[in-house]
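Here is the structure we will look at.
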Amino acid sequence: MMQLYWVALKSIWRKEINRFARIWIQTLVPPVITMTLYFIIFGNLIGSQIGAMHGFTYMQFIVPGLIMMAVITNAYTNVASSFFSAKFQRNIEELLVAPVPTHVIIAGYVGGGVARAICVGILVTALSLFFVPLQVHAWWMVVVTLLLTAVLFSLAGLLNAVFAKSFDDISIIPTFVLTPLTYLGGVVLLAVAAAAVLASGVATEPGGLYDSGFRYGFLGISDVPLTLAVLVAFIVVFYLLCWTLIQRGRGLRT
């Protein structure tokens, strides 16, 4: 039985990876172009006016946040769009009636989101080498934070897809929730030396945690305490929500 589950999991992974790899011009290239604009505008133009941040150039300081921004956006978008498309086309019903546990379904879609996030993260990191030299303080923190964040926002994308009733519902959350939290989490807010009170206020949400941990992995400095346990807690909560909703067929069965 476990072998059958493993075959099902690999099949979902293969489908999800082929899905974004087949249209790589739409899924992998745009994030690289967007990050290039960020590097040029925030790094070169604005950074030259700000100066050093914690002993590093402004460009070095914001690179981890920009990489994480691309990871978050692509992990979330990949799962949300893919799962909702399966709902819209009624393909998800085939999985629901098949002898495949809900855990396998979730792991398959989340694995696809993490794979796309990692690919984009590697591309953006390679791009950053044209602007700043690569400096890594703790590889384990970079890898752990990257994986935890990709899993967390893949699960968030899955939740969005479960509740979404139209393709418009897929874009609402990234536009009005995900993007503001990304900025408030430290990608740009802390880098431009905004008010300390506001920074401390958002440091307790996941945005401050993933960005701080990722920046620590690269530069060895941190804006908020390194609490990876909180990221794990959010993952557990989101996973249980996804499992419960899919198990009950919330928004999936007609």
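The values are calculated or read from the model by the stated rules, or taken from the named source; none is laboratory data. Fair warning: this is a prediction, and the values are worked out from it, not measured in the lab. Every residue, glycine as well, gets a Cβ built from its backbone with ideal geometry; the counts of neighbours run over all protein chains shown. Accessible surface is based on the protein model in full, side chains and every heavy atom, while ligands, DNA and RNA are left aside. Shrake-Rupley method; radii C 1.70, N 1.55, O 1.52, S 1.80 Å.
Would you point out the residue of the stretch 209-231, among those that are modelled with pLDDT under 60 and not in a helix (DSSP H, G or I), that is most open to solvent (accessible area, probe 1.4 Å)?
Going through the stretch 209-231, the residues modelled with pLDDT under 60 turn out to be 209-210, 223-226.
In the following step, the residues that additionally are not in a helix (DSSP H, G or I) were identified as 223-226.
Details: D223: 56, V224: 20, P225: 100, L226: 72 Å².
Looking at the filtered set, the residue picked out is P225.
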Confirm whether V132 is out of contact with any Phe, Trp or Tyr (no Cβ under 7 Å at 6 or more places or on another chain), touching a residue at least 40 places away in the same chain (Cβ under 8 Å), among the hydrophobic types (A, V, I, L, M, F, W, C) and not in a helix (DSSP H, G or I). yes
Test: residue in the stretch 175-186 that is crowded, with 20+ Cβ neighbours inside 10 Å and either at pLDDT 80 or above or at positive phi (or both): yes
The stretch 7-96: helices (runs of 4 or more DSSP H) wholly inside it with 3 or more residues that are open to solvent by less than 30 Å² (accessible area, probe 1.4 Å) and at pLDDT below 85 are 58-88
Which one of I105, I122 is of a type outside the set (K, R), out of contact with any Leu (no Cβ under 9 Å at 6 or more places or on another chain) and assigned to a helix (DSSP H, G or I)? I122
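Tally up the residues in the stretch 128-152 that are open to solvent by 30 Å² or more (accessible area, probe 1.4 Å) and of a type in the set (A, V, I, L, M, F, W, C), please.
Within the stretch 128-152, the first condition is being open to solvent by 30 Å² or more (accessible area, probe 1.4 Å), and the residues that meet it are 129-131, 133-137, 139-140, 143-144, 146-148, 151.
Adding the requirement that they be of a type in the set (A, V, I, L, M, F, W, C) leaves 129-131, 134, 136, 139-140, 143-144, 146-148, 151.
Count: 13.
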